[in-house]
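Before any comments, here is the structure.
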Amino acid sequence: MKSLFSALALLLCSAVCQAQKAPVQDPAAAEVLAGMAKRYKAYQSFSANFTRTTVNAAGKTIEQDKGSVIVAGPKFRIETDALKLFCDGKTLYTYVMSSQEVNITAYEPDPTEITPVNVFDIYKQGYKYMLAAQLKTPTGFVDIIDLEPEDITRDISKVRLVVDKKTFALRRYILTERGTNNRSTFTIDRFTPNPKVVPSTFVFEKKRYPAVKKVVDLR
């Protein structure tokens, strides 16, 4: 799962990047982050479609795909071109498309892993943060928040959040991979608050995926 969510694309503004300082516990950033977390925690459920673009340190695109996520409390479902992840809060089903194989494991969430499910409040998990810039876009002003982990051994060395200044909606986020400096940009293409979901949404059912060749229960 870490391989799915490691790495970026797209720098928002070269001038902003050149002006960066090391993040601290910036009160202005804290206000934006708290507003964003409050917004998403207020939903009973939400769904989103996103585009992920990964570029290397030279700026060359090395991977691009689209995905979707559905979240309801501790339950989630994430789909990309390579994987489908189903979690009912206790059990994680990982469907690998290339091998048509499903692995079933007990769900043990890693608070340091950054995914479309927890990115809204990941800043609480040992990060320093600062308000890097405020920019005007065609759809309104955004706040640019940079987060850096206090633990320098983490796989992700930097997280950049682009947050709508008026609504606290997350428009995109960018992950920089430690060592390679590959960057993965996750752009929120569509967001739906409080969609209707049923329990089966978060459980893998083989009858719905007849192409699956093997199911391995590792619990």
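All of the numbers you see were taken from the coordinates with simple rules; none came from a lab. What you are looking at is a predicted structure, and each value in this text was computed from that prediction instead of being measured. FYI the Cβ positions are ideal-geometry reconstructions off the backbone, even for glycines, and counts take in every protein chain you see.
Could you pull out the residue among I114, I104 that is part of a strand (DSSP E or B) and of a type in the set (A, V, I, L, M, F, W, C)?
Sole residue among the options that is part of a strand (DSSP E or B) and of a type in the set (A, V, I, L, M, F, W, C): I104.
The conditions are (1) on the phi > 0 side of the Ramachandran plot; (2) not in a loop (DSSP other than H, G, I, E, B), and G59 fails exactly one of them. Which is it?
The number of the failed condition is (2).
Output the residues belonging to region 170-196 that are in a loop (DSSP other than H, G, I, E, B), charged (D, E, K, R) and in contact with a Phe, Trp or Tyr (Cβ under 7 Å, 6 or more places away or on another chain).
none
All but one of (1) buried (at least 17 other Cβ atoms within 10 Å of the Cβ); (2) within 15 Å of the chain's Cα centre (by Cα) hold for S45; state the number of the condition that does not hold.
The single condition S45 does not satisfy is (2).
Can you tell which of S184, S157 is of a type in the set (S, T, N, Q) and buried (at least 22 other Cβ atoms within 10 Å of the Cβ)?
Matching residue, one of S184, S157: S184.
Limited to region 57-77, what total is found for residues that are surrounded by 13 or more Cβ atoms within 10 Å (Cβ to Cβ), closer than 19 Å to S47 by Cα and free of Cβ contacts under 8 Å to residues at least 60 places away in the same chain?
Residues in region 57-77 being surrounded by 13 or more Cβ atoms within 10 Å (Cβ to Cβ), closer than 19 Å to S47 by Cα and free of Cβ contacts under 8 Å to residues at least 60 places away in the same chain: 6 in total.
For region 119-153, enumerate the residues that are crowded, with 17+ Cβ neighbours inside 10 Å and in a loop (DSSP other than H, G, I, E, B).
Answer for region 119-153, where residues must be crowded, with 17+ Cβ neighbours inside 10 Å and in a loop (DSSP other than H, G, I, E, B): V119, F120, Q125.
Under the condition of being farther than 22 Å from E177 by Cα and among the polar types (S, T, N, Q), which residue from region 78-101 is surrounded by the fewest Cβ atoms within 10 Å (Cβ to Cβ)?
By that ranking, first place goes to S98.
Please verify whether Y95 is in a strand (DSSP E or B), within 19 Å of K206 (Cβ to Cβ) and aromatic (F, W, Y), treating the condition exactly as stated.
So Y95 fits the description; yes.
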